[in-house]
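One structure is given below, encoded as structure tokens.
What follows draws every value from the coordinates through simple rules; no lab data is involved. Please read all numbers here as calculations on a predicted model, not as lab measurements. Heads up, the Cβs are rebuilt from the backbone with ideal geometry, glycines too, and the neighbour counts pull from every protein chain shown.
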Amino acid sequence: MNRSATVARAYLLAGISYPVWSLLAPAPSDPLAVWLGIGGAFLVAAAVVVRWDLSHTALANVTVVLGSIVTLHFFLLAAMNDMRPFYAVGSSMSVLATVLIVRSLPAMLAYGGFVGVLAGVLYTAEPDARKLAYWVSPLPTVIFAYHRLGAQLALEQRLENEVAERTRQLSETNQRLRDEIQTRQRLEEALQVQQKVEAVGRLAGGVAHDFNNLLMTIGVYAELLSDGLPEGSPLRAEVDRIQQAQRQAASLTQQLLTLGSRSHVRLSVLDLDEFVSDLFSLLQRVLGGHELVFALGAGKHPISGNADQLRQVVLNLALNARDAMTEPGRLTIETARCARDDLAKRLGVELDNAAYVLLAVTDTGSGMSAETRRRAFDPFFSTKPPDRGSGLGLAVVHGIVSQAGGHVRLRSEPGQGARFELYWPLAAWPRPSERSSTLLPAERARPASILLVEDEEPVRTALHRVLTSAGYLVAEAGDGEQALAILQDAETHFDLVIADVVMKRVSGFDLAEQLAETRPGAKVLLISGYLNDRSQSDVDGSFAFLAKPFTPQDLDDKVREVLGYSRGLAGEVASSGPERSRLS
């Protein structure tokens with residue numbers, strides 16, 4: 001039973017019993033209406049307490065008022081009836097009863113002051129030793145009750161503080177537990193996405209080498225066929241379609257490799273703000289009638305990335321936003337710098353880098369449900385019709401950012417748009433270095449000789465035609481062992497060795513490594529449609545590399561770069577005419 005119910009019952013009992021006391025009061029007494037009026041005041045107070053459930057302070061104030069009325073009544077009756085015992089004892093009991101009910105120190109202090117003033121006034125009006133005996137005797141009880149109540153309230157307050165502190169600790173513990181559960185759920189979701197991405201990456205890596213070899217063969221012969229057709233030939237349109245299909249297939253293979261962080265790209269330090277600003281016109285064309293807003297942070301934000309991949313990330317997000325905004329909407333692109341500790345709390349994961357750069361893309365589209373958010377980065381998952389997307393866009397975005405050592409967070413609710421937050425490790429600007437020109441003069445006594453090492457015969461034949469058409473002397477080797485046997489001949493000299501990385505027994509990298517030991521300074525160009533983890537780390541910064549599939553022009557440009565030829569040498573070398581080496 002709570003405090004209000006207890007006080008209400010006490011008021012109800014007092015209201016019923018108070019008029020009865022008039023029957024016990026000796027004559028002469030005051031009219032019955034006074035007794036009924038005071039009793040009615042108690043009944044009204046009881047009804048108010050039950051109806052409105054008053055606070056402890058309000059209950060104490062009501063008790064003081066009612067107690068003061070009863071005390072005044074009995075004190076006056078006792079004074080007017082010559083301190084008859086009934087009224088004198090009744091006045092003392094009213095004081096004790098009020099003190100027992102009041103549970104507030106200010107209220108008790110106010111009531112005690114009222115009793116003291118009332119007793120002093122009545123004693124002054126008619127001094128009588130019996131008044132002192134009856135009215136002063138409860139005062140020690142009042143003082144004791146005051147101190148006792150103070151101690152009890154202090155204890156209750158201390159207990160309340162302890163309960164509040166324990167509740168706070170429990171609340172904090174529960175909050176930490178909820179945060180840990182949410183963090184674990186996020187990590188589990190991220191792990192599931194990563195596992196799916198890695199599975200697709202392993203699958204792509206298993207077929208990428210052979211598939212890229214086929215694509216390159218198709219592309220090279222299609223370009224050679226196109227070059228051999230006369231102007232205006234109706235077959236040029238068919239060849240263009242072959243080349244377009246080859247480029248699309250190569251792009252799809254590259255996207256699959258990107259999913260599992262198995263694509264080989266050259267990274268450089270880019271200013272994210274400057275890069276995004278350069279895409280403004282392109283993004284406006286992509287978005288059509290939708291509004292484009294840039295909110296770029298102050299200062300420069302260097303990141304380590306590949307320009308083509310970064311452009312693909314921004315375009316993929318912009319295209320998704322455009323498709324999600326059925327009515328004219330707004331796409332906002334933001335950049336900012338984030339400290340590691342703040343970002344770690346936001347993502348709920350441990351971070352390695354000291355600072356990160358945020359690239360946030362926010363749209364006002366239809367938003368995503370919880371199920372769509374959970375599967376948003378799954379490869380081949382899409383809410384679009386089959387003819388409007390392969391489901392690789394967001395998966396590729398996740399793969400590119402992960403490959404750069406960054407993190408991705410998606411925030412979206414149905415009808416409230418979507419916000420993609422990409423966090424890239426903050427990079428350091430490279431120190432400027434002086435580079436001496438290594439370009440050879442535009443004249444050369446003989447065409448450059450090249451050893452082409454490729455275990456796939458169709459690819460080797462296609463590359464041989466491209467290189468000889470460009471004016472180089474080309475020798476062929478079907479694998480790494482044959483190439484080593486050729487290179488062991490002391491009289492044999494090649495200006496450049498072009499070798500496929502993935503070959504049986506002796507890989508292209510092993511061949512390049514042995515050649516570096518036996519013939520320091522020899523120039524090597526490695527080519528491959530797929531690099532595993534070891535060969536990719538070995539190629540970076542060690543040897544020149546060209547990823548398959550590539551066009552004949554890509555190969556010619558890369559060969560000139562490795563040989564150090566100036567652009568003006570093209571006509572000089574080509575003028576020597578195609579010539580096949582005796583070692584082929």
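Here are some notes:
- Between R505 and E172, the FRET efficiency from the beta-carbon distance, with R0 = 56 Å, is close to 0.30.
- Sorted by Cβ neighbour density within 10 Å, fewest at the top, the residues S507, S17, S528: S17, S507, S528
- Taking a ≥ b ≥ c as the square roots of the eigenvalues of the alpha-carbon gyration tensor, the stretch 3-137 is classed oblate because a/c is 1.5 or more while a/b is no larger than b/c.
- Ordered by the count of other Cβ atoms within 10 Å of each Cβ, fewest first, D363, D510, D342, D53 give D342, D53, D510, D363.
- As a length-normalised measure over Cα pairs under 8 Å and 6 or more apart, the relative contact order of the stretch 3-137 settles at 24 percent.
- Cα gyration tensor, the stretch 345-388 - rounded (a/c under 1.5), prolate or oblate: prolate
- Charged side chains reduced to their Cβ positions (Lys and Arg at +1, Asp and Glu at -1) give the chain a dipole of some 2600 debye around its Cα centre.
- Taking the number of Cβ atoms within 10 Å of each Cβ as an exposure proxy, the fewest-first ranking of D341, D128 is D341, D128.
- Two-decimal log10 I(q)/I(0) for the chain, as the Debye equation yields it once each C-alpha is a single scatterer, q = 0.06, 0.07, 0.08, 0.11 Å⁻¹: -0.55, -0.63, -0.73, -1.07
- Summary value for the chain: 11 percent relative contact order, contacts being C-alpha pairs under 8 angstrom separated by 6+ residues.
- Cα-projected label distance for E156 with R241, points at 7 Å along beta-carbon direction, nm: 9.2
- Rounded FRET efficiency, nearest 0.05, which uses the C-beta distance separating K300 from Q185 and R0 of 30 Å: 0.25
- Calculated FRET value between V48 and A164, using beta carbons and R₀ = 30 Å, to 0.05: 0.50
- Potential lengthening of the chain between M93 and A307 amounts to 67.7 nm, from the contour at 0.36 nm per residue minus the alpha-carbon distance.
- Exposed trypsin sites (Lys or Arg not before Pro) absent - longest run of the chain, DSSP non-H/G/I/E/B, at most 16 other C-beta within 10 Å: 1-265
- Isotropically averaged projected area of the stretch 152-194, using the convex hull of Cα atoms (one quarter of hull area), nm²: 2.2
- Kirkwood Rh in Å, taken over the stretch 66-221 so that all alpha-carbon pairs contribute: 22.6
- Cα gyration tensor shape of the stretch 286-345, rounded if a/c is under 1.5, else prolate or oblate by comparing a/b with b/c: prolate
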